[in-house]
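Peer 1: Below are the structure tokens for one structure; questions will follow.
Rule-based calculations on the coordinates, nothing more; no lab input. These numbers come from a predicted model, not from an experiment. All Cβ positions, even for glycine, are placed from backbone atoms using ideal geometry, and neighbour counts span all protein chains on display.
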There are 2 protein chains.
Amino acid sequence: MENHGPPASPLDRGHPHVACSSCSLRELCLPAGIDPREMERIDDLVNHRRKLKRGEHLYRAGASLASLYAIRSGTMKSCVLHEDGREQVAGFHMMGDLLGMDAIGGGRHMCDIVALEDCEVCEIPFSCLEQLSRELPPLQRQLHRIMSREIVRDYGVMLLLGSMKAEERLAAFLLNLSQRFATRGYSASEFNLRMTREEIGSYLGLKLETISRVLSRFQQDGLIEVHHKQLRIADAKRLRAILGQASTGDA
Amino acid sequence: MENHGPPASPLDRGHPHVACSSCSLRELCLPAGIDPREMERIDDLVNHRRKLKRGEHLYRAGASLASLYAIRSGTMKSCVLHEDGREQVAGFHMMGDLLGMDAIGGGRHMCDIVALEDCEVCEIPFSCLEQLSRELPPLQRQLHRIMSREIVRDYGVMLLLGSMKAEERLAAFLLNLSQRFATRGYSASEFNLRMTREEIGSYLGLKLETISRVLSRFQQDGLIEVHHKQLRIADAKRLRAILGQASTGDA
DNA sequence: GGATGGCTTTGATGTAGGTCAAAGGGAGGC
DNA sequence: GCCTCCCTTTGACCTACATCAAAGCCATCC
């Protein structure tokens with residue numbers, strides 16, 4: 001039962017001050033590296049926010065490209081759909097991440113984005129962004145950087161899916177989450193899993209039972225502590241060693 | 001034993017006329033959609049070509065970003081490397097494809113690119129490209145489109161690796177190759193596999209023996225004919241049906 | 001407060017694809 | 001022309017993960 005809530009006006013123009021210049025995420029997000037004096041031009045670009053309840057879609061595959069979205073708060077997942085109904089989680093996204101770049105190529109979105117909890121996103125009309133990035137080289141750079149990083153991230157996932165076994169995949173996943181929380185100023189060792197075991201499994205190319213079993217094993221081995229969605233990394237070094245697979249030594 | 005050939009001068013400035021404007025690939029490649037009158041500015045951008053022999057690297061992971069490369073002829077593979085030596089093929093690339101975008105994010109390449117046969121590429125200094133794309137909106141658009149398509153392509157691979165079984169993966173692979181040859185004006189039904197079974201396997205997250213077995217099975221079932229690297233798609237419809245998995249009917 | 005329904009855990013069993021092994025074919029080098 | 005080396009094919013066996021099944025937990029709804 002997804003918490004669709006009232007379909008209500010998804011566009012919330014009620015914030016008079018949607019300002020990148022005062023946003024704590026600005027160094028992670030699109031405005032990174034922008035001269036403070038130019039910042040107000042970015043503020044104009046991002047003219048409103050949008051709130052989503054858990055389970056709501058930000059957009060669906062097939063929708064035509066209007067805007068990119070920067071996540072201000074909350075966690076989302078992207079899902080690609082196989083024609084025969086199978087779907088796979090392609091990524092988990094959190095504050096500061098930029099979404100929607102899948103649509104630039106063909107003008108239509110190629111995946112669904114779903115809120116895993118209540119979220120807030122900043123909407124960035126794409127044509128304005130293209131325009132402005134012609135005028136502000138640092139903005140252009142940052143956009144390119146973000147798209148490039150997305151490509152590289154995907155390479156990492158391909159490596160994971162193509163050549164790692166279950167334990168390695170899960171270790172890589174947990175360490176990646178940990179690192180992303182750290183980058184955002186949260187604890188690297190203690191956090192909440194916003195997604196279900198099934199979603200993790202889908203992302204990692206495994207079944208939910210396998211996720212559950214491997215988490216239990218990790219816990220027995222003292223690598224982590226899990227209590228439903230609450231997770232603590234108890235021994236990051238050994239967790240990393242599962243990945244390195246060679247050295248149990250200092251990573 | 002890779003055919004490294006003489007390390008020789010990799011930069012071949014000997015072509016006086018490296019002109020996008022007269023290149024048969026221009027509509028697939030970076031200049032797509034450029035006004036003919038602006039084309040000479042692109043010609044200036046792409047100021048030289050480079051030839052590679054089979055087995056040579058175009059660049060290696062860690063190399064700093066200097067240029068993007070457009071493939072003029074030949075086939076290449078990209079490989080991502082796991083720290084512990086395992087490597088995985090992340091993609092196969094052919095004429096018209098643009099390489100190197102993995103380095104934009106961090107300034108360093110994140111994968112190796114290796115020629116699977118003798119190749120020729122056009123070198124595009126990245127900072128010039130960024131500069132010029134500020135002045136020519138259609139160039140900017142095309143660059144964004146290409147990067148976006150790369151992201152979407154990766155989603156497809158994730159889906160393949162994460163939720164398809166061996167036969168589906170191989171069918172998807174062959175159909176994808178077929179389609180790419182067709183786009184480039186070659187036969188969609190008959191072509192050469194430039195890569196080994198092992199490389200296909202690496203790309204698809206399978207072992208070479210599995211690739212071999214599945215190809216044999218496909219052949220027995222009359223879906224394809226393979227004779228070493230020569231491949232003919234004998235029944236594209238049924239091959240597509242393996243993917244759709246539901247309807248054996250008209251895809 | 002009890003009921004309902006998702007999510008998770010754990011066990012028993014099955015299987016796709018991996019691993020190991022051996023032999024056959026082509027292409028390039030001498 | 002012959003040799004060598006890689007690539008490929010095919011078979012026999014094994015293992016990691018999927019599948020099926022059942023029971024427990026937590027949150028939410030009534």
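Peer 1: Have a look at A:Met39, A:Met76 and point out the one that is more than 15 Å from the chain's Cα centre (by Cα) and not hydroxyl-bearing (Ser, Thr, Tyr).
Peer 2: A:Met39
Peer 1: If you go through the range A:138-174, how many residues are among the β-branched types (Val, Ile, Thr) and within 16 Å of DNA strand D (Cβ to nearest atom)? Full working, then the answer.
Peer 2: From the range A:138-174, those among the β-branched types (Val, Ile, Thr) are A:146, A:151-152, A:157; that's our starting set.
From what's left, within 16 Å of DNA strand D (Cβ to nearest atom): A:157.
Number satisfying all stated conditions: 1.
Peer 1: Is there a residue being away from DNA strand C (no atom under 14 Å from the Cβ), crowded, with 19+ Cβ neighbours inside 10 Å, assigned to a helix (DSSP H, G or I) and away from chain A (no Cβ under 14 Å) anywhere in the range B:229-240?
Peer 2: Yes, the conditions are met somewhere in the range B:229-240.
Peer 1: Then there's this: Is the range B:192-207 home to any residue that is out of contact with any helix residue (DSSP H, G or I) (no Cβ under 9 Å at 6 or more places or on another chain), free of Cβ contacts under 8 Å to residues at least 60 places away in the same chain and farther than 21 Å from B:Asp154 by Cβ?
Peer 2: Yes: the range B:192-207 contains one or more residues that are out of contact with any helix residue (DSSP H, G or I) (no Cβ under 9 Å at 6 or more places or on another chain), free of Cβ contacts under 8 Å to residues at least 60 places away in the same chain and farther than 21 Å from B:Asp154 by Cβ.
Peer 1: If you scan the range B:29-50, which residues turn out to be touching a strand residue (DSSP E or B) at 6+ places or on another chain (Cβ under 8 Å) and not aliphatic (A, V, I, L, M)?
Peer 2: B:Cys29, B:Asn47, B:His48, B:Arg49, B:Arg50
Peer 1: Of all residues in the range B:195-228, how many are more than 14 Å from every other protein chain (Cβ to nearest Cβ) and either within 10 Å of DNA strand D (Cβ to nearest atom) or surrounded by 19 or more Cβ atoms within 10 Å (Cβ to Cβ) (or both)? If you could, list the steps in order and put the result at the bottom.
Peer 2: Pass one, the range B:195-228, residues more than 14 Å from every other protein chain (Cβ to nearest Cβ): B:195-197, B:209, B:212-228.
In the following step, the residues that additionally are either within 10 Å of DNA strand D (Cβ to nearest atom) or surrounded by 19 or more Cβ atoms within 10 Å (Cβ to Cβ) (or both) were identified as B:195-197, B:209, B:212-220, B:223-224, B:226-228.
Looking only at that region, the number is 18.
Peer 1: Moving to a separate point now. Quick one: which residue in A:Arg153, A:Arg194, A:Arg169, A:Arg108 is within 16 Å of DNA strand C (Cβ to nearest atom), in contact with a strand residue (DSSP E or B) (Cβ under 8 Å, 6 or more places away or on another chain) and not β-branched (Val, Ile, Thr)?
Peer 2: Being within 16 Å of DNA strand C (Cβ to nearest atom), in contact with a strand residue (DSSP E or B) (Cβ under 8 Å, 6 or more places away or on another chain) and not β-branched (Val, Ile, Thr) holds for just one of A:Arg153, A:Arg194, A:Arg169, A:Arg108, which is A:Arg194.
Peer 1: Moving on to the next point. Evaluate the range B:175-190: report whether one residue or more is over 27 Å from A:Gln88 (Cα atoms), without any contact (Cβ under 8 Å) to a residue 12 or more places away in the chain and within 15 Å of DNA strand D (Cβ to nearest atom).
Peer 2: No; the residues of the range B:175-190 include none that is over 27 Å from A:Gln88 (Cα atoms), without any contact (Cβ under 8 Å) to a residue 12 or more places away in the chain and within 15 Å of DNA strand D (Cβ to nearest atom).
Peer 1: So A:Gly244 ticks every box in (1) without any contact (Cβ under 8 Å) to a residue 40 or more places away in the chain; (2) within 12 Å of DNA strand C (Cβ to nearest atom); (3) within 14 Å of chain B (Cβ to nearest Cβ) but one. Which box is left unticked?
Peer 2: (2)
Peer 1: Follow-up. Pick from A:Gly100, A:Gly91: which is within 13 Å of chain B (Cβ to nearest Cβ), closer than 16 Å to B:Arg149 by Cα and not acidic (Asp, Glu)?
Peer 2: Details: A:Gly91 fails: closer than 16 Å to B:Arg149 by Cα.
Among A:Gly100, A:Gly91, only A:Gly100 is within 13 Å of chain B (Cβ to nearest Cβ), closer than 16 Å to B:Arg149 by Cα and not acidic (Asp, Glu).
Peer 1: Considering only the range A:134-191, how many residues are at the interface with chain B (Cβ under 9 Å from one of its Cβ atoms) and aliphatic (A, V, I, L, M)?
Peer 2: Total meeting the criteria: 11.
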